[in-house]
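Chemist: Here you go, one structure.
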């Protein structure tokens, strides 16, 4: 019986099965390396599935807050329009969260383009901080911070 029915747990269980049952039977070093690489991908997917919705929700809020502040400070209609089209819902279904995230990202990009063109150093600094945070999140989620055979238990 699965007591923790999550995507990450299922992927971790698959890696454990591969490690325990398949890897020992492989004698070809090239096949062993290929299997290890696939297990790393599975572990990275397990790691990403744990946090991706939370991270996208957090970033979505930051993007829209930044864009709203830029729109309020500049009165720019393109940024305001991007914000209006980026209104988010309450769904936690991954595809819905991704759609919300993409629209908020477009609003953020529209606002960043404006502040870069107008050389507004305060907004540029704030936007760059948000981009650094985004890169840190991406690295943490997708860069292989998990080890082959990791267990969440």
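Chemist: Determine which member of the set 73, 67, 48 is in contact (Cβ under 8 Å) with a residue 40 or more places away in the chain, within 19 Å of residue 126 (Cα to Cα), in contact with a helix residue (DSSP H, G or I) (Cβ under 6 Å, 6 or more places away or on another chain) and assigned to a helix (DSSP H, G or I).
Modeler: Every option except 67 fails the conditions.
Chemist: Oh, and also: Return the residues of the stretch 106-153 that are assigned to a loop (DSSP other than H, G, I, E, B), surrounded by 12 or more Cβ atoms within 10 Å (Cβ to Cβ) and modelled with pLDDT of 85 or more; say none if nothing qualifies.
Modeler: Once the filter is applied, which keeps residues that are assigned to a loop (DSSP other than H, G, I, E, B), surrounded by 12 or more Cβ atoms within 10 Å (Cβ to Cβ) and modelled with pLDDT of 85 or more, the stretch 106-153 yields only 120.
Chemist: Within the stretch 16-39, work out how many residues are in contact with a helix residue (DSSP H, G or I) (Cβ under 9 Å, 6 or more places away or on another chain) and in a helix (DSSP H, G or I).
Modeler: 9
The values are calculated or read from the model by the stated rules, or taken from the named source; none is laboratory data. Note that the structure is a prediction, hence the values are computed from the model and not measured. Note that each Cβ is placed from the backbone with ideal geometry, even for glycine, and that neighbours are counted across all protein chains shown.
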